[in-house]
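Remarks on the structure that follows.
Computed from the coordinates by the stated procedures, all read-outs in this text should not be read as laboratory data. Given the structure is predicted, the values throughout are model-derived calculations rather than measurements. Positions of Cβ are backbone-derived with ideal geometry, glycine not excepted, and every protein chain shown enters the neighbour counts.
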Amino acid sequence: MGSKDVLVIGGGIAGIQAAFDLAEMGVAAYLLERKPSIGGVMAQLDKTFPTNDCAI
Amino acid sequence: MLDAGRHPNIKILAYSEVQGLEGKAGDFTVQYLKKARYIKEEVCTACGACAEKCPIKADNDFEMGLKKRKAIYIYFPQGIPAVYTIDPEHCPMILKGKCGLCAKLCQAGAIDYEQKDEKKTLHVGAVIVATGVTQFDPSVVTEYGYGRIKNVITGLEYERLISASGPTKGHLYRPSDEKLAKRVAYIQCVGSRSLKYKDYCSSVCCMYAIKDAMLAREHDEEAESYIFYSDFRVMGKRYQQYRLRGAEDYGIKYIRGRVAEIIEDAEGNPVLWYEDTRTRQVKSLTVDMVVLCSAAVPSKGVEQLAEVLGIELTPNRFVKTDPFHPTDTTVPGIFVCGFCQNPKDIAESVSQASGAASRAAGLLGITSSGKRTVA
Ligand SMILES: Cc1cc2nc3c(=O)[nH]c(=O)nc-3n(C[C@H](O)[C@H](O)[C@H](O)COP(=O)(O)OP(=O)(O)OC[C@H]3O[C@@H](n4cnc5c(N)ncnc54)[C@H](O)[C@@H]3O)c2cc1C
């Protein structure tokens, strides 16, 4: 039996966005992250180019 | 991040590692290891009483080692899931059964020293790899003194220093003597575009160095910034204008030339020797601190993951894709997005992520309405 669920490996901004888009389409998305919480490098950035807005 | 954390269709499996994959597109079985946090996730309220009193200190990797954390810790304050984790390599209770203070303090009763790693299985139709980026360790570029000259730091270390929630609350206190760094030099292409180390362009460093210098000036109007570049690569939307604003509104000095060597003077100030390729002169510049924009490289462990998944990597350890299908890996049903595919910034990572998500949805016959197609 096949499955319609998706596994996303890596919970940085790319993985979060992919999981979010799938979730919005009604797909069950598993977001697997090896660190204690998701966020990736972006969570470590205070501000981001090109807008210098806060990262989190 | 918050939206993903709250979405009813997203299940976050944090502190976990993929160990095995079988099957084919549409029908994969994945084995993964859920590592023991020694905390009952559903019970922890993240109040922090445990960490406040925990007597053990360890390096804080979120803060790039610029600050210590306790043996029981939250990865970062806004982290999702918002639960504490016990570091088994430092907790004396886990190591030798001595202490137990956090269990006594935890009002919720969330501590569980007996918790074990759990092997789990998932059944999915598609996989998306998004394992991201880390920085190349610039200590091998010995002429720049990283690891030897205290006031030479990396880009990610700088990001934590300039962060209001970071170890110095956003003040640029330099590592050697905690003096405020007023003159900062940023060096591009440390290990990138190099025949000796990484032959590719990391693509984000020109832009983040400009950002870093802008932020320094926003924090301190006396801040002086010098960016040493080979040539500017600022190709995104309105990025060139950003670069111009850096010079006009923030007084950033752009110097074209590779730095040959950094030495340290008696006060711990880095002294840069370089050739200014515009004036064709060899010069030196003394600054308070140097930021090495060292090559951005795929995350550690990507080889092992690629082996488990059976996908191919490029010689620089990026996930292999072909130019016309940039989100398809070499295995049908396994897609890729973000920095692990090729160097890219947040804007590009996000759009590629949407691309990978729709490729996966397409494979599984899902339309954006949430209904499955009939045939
Ligand atoms: C110093 C610096 C400053 C930057 N500043 C900016 C900026 O201002 N603006 C901008 O647009 N871009 C900036 N960037 C680039 C930006 O960080 C990346 O574009 C972005 O983080 C890529 O997102 P990602 O999700 O692909 O990777 P990441 O953010 O690295 O996320 C990957 C996630 O996957 C996890 N992971 C890794 N391996 C595994 C595994 N085997 N199993 C499970 N999980 C795993 C990681 O722990 C991490 O959480 C900067 C980069 C650096 C180095």
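Couplings 3J(HN,Hα) of region B:9-20, computed from phi: 8, 10, 10, 8, 10, 8, 6, 9, 9, 6, 10, x Hz, in residue order, whole Hz [Karplus 6.51 cos²θ - 1.76 cosθ + 1.60, θ = phi - 60°; x for Gly and Pro].
The calculated FRET efficiency for the pair B:D117 and B:H171, based on their C-beta separation and a Förster distance of 41 Å, comes to about 0.55.
Looking only at region B:210-338, where both bridge partners belong to it, what percent of the DSSP beta bridges are antiparallel (to the nearest 5)? DSSP beta bridges in region B:210-338 are roughly 80 percent antiparallel. Near B:M289, the amide H atoms lying under 5 Å from its own belong to B:R183, B:A185; only residues 5 or more places off or on other chains count, and H is placed 1.01 Å from N. Loop-located GluC sites (Glu not before Pro) in region B:86-171 (DSSP state other than H, G, I, E, B) with a sparse environment of at most 16 neighbouring Cβ atoms within 10 Å: B:E89, B:E114. A crude spin-label estimate for the pair B:K300 and B:V282, with each label 7 Å from Cα along the Cβ direction, gives 3.8 nm.
Placing +1 on the Cβ of every Lys and Arg and -1 on the Cβ of every Asp and Glu, with nothing else charged, gives region B:174-265 a dipole about its Cα centre of roughly 620 debye. Taking Cβ separations below 4.7 Å as the criterion for a possible disulfide partner, the isolated cysteines in chain B are B:C44, B:C47, B:C54, B:C91, B:C99, B:C106, B:C189, B:C201, B:C206, B:C337, B:C340. Taking a ≥ b ≥ c as the square roots of the eigenvalues of the Cα gyration tensor, chain B is oblate, since a/c reaches 1.5 or more and a/b is not larger than b/c. For chain B, the relative contact order comes to 17 percent (Cα pairs under 8 Å, sequence separation of at least 6). Only Cα pairs under 8 Å and 6+ residues apart enter the sum, and on that basis the relative contact order of region A:13-56 stands at 27 percent.
For a straight C-alpha distance cut-off of 19 angstrom, the lysines reachable from B:K253 (same-chain residues fewer than eight places away being disregarded) are B:K182, B:K211, B:K283. GNM on chain B, alpha-carbon springs under 10 angstrom: the most fluctuating residue among B:A108, B:A266, B:A58 is B:A266. What aspartates and glutamates does B:K196 reach when the alpha-carbon gap must be under 17 Å and sequence neighbours fewer than 8 apart in one chain are set aside? Within the straight-line limit of under 17 Å, B:K196 reaches these aspartates and glutamates: B:D137, B:E143, B:E261. For region B:73-116, the set of trypsin sites (Lys or Arg not before Pro) satisfying both a DSSP loop assignment and a count of at most 16 other C-beta atoms within 10 Å is given as B:K98, B:K116. Checking the a/c ratio against 1.5 first, then a/b against b/c, what shape does the Cα gyration tensor give for region B:194-341? Prolate is the answer for region B:194-341, as a/c is 1.5 or above and a/b outweighs b/c. About its Cα centre, region B:19-96 has a charge dipole of approximately 320 debye under the convention of +1 per Lys or Arg Cβ and -1 per Asp or Glu Cβ, with nothing else charged.
Shielding by partners for peptide B:352-364, expressed as the average number of C-beta atoms from other protein chains within 10 Å of each residue's C-beta, is 6.
Across region B:109-114, coupling constants 3J(HN,Hα) worked out from phi with the 6.51/-1.76/1.60 Karplus curve, θ = phi - 60°, read x, 8, 7, 9, 5, 8 Hz, and Gly and Pro carry x.
Legend: ranking of residues B:F318, A:F49, B:F335 from fewest to most surrounding C-beta atoms inside 10 Å; resulting order B:F318, A:F49, B:F335. Cut-off 10 angstrom, C-alpha nodes, Gaussian network model of chain B. Which of B:S139, B:S299, B:S202 fluctuates the most? For chain B, modelled as a Gaussian network with Cα springs under 10 Å, the answer is B:S139.
Across the options B:P270, B:A223, B:A306, the greatest Cα extent toward the positive end of the charge dipole of region B:219-322 (unit charges at beta carbon of Lys, Arg, Asp, Glu) belongs to B:A306.
Ranking B:L122, B:P315, B:Q341 by Cα position along the charge dipole of chain B, where only Lys, Arg, Asp and Glu carry charges on their C-beta atoms, puts B:L122 farthest toward the positive end.
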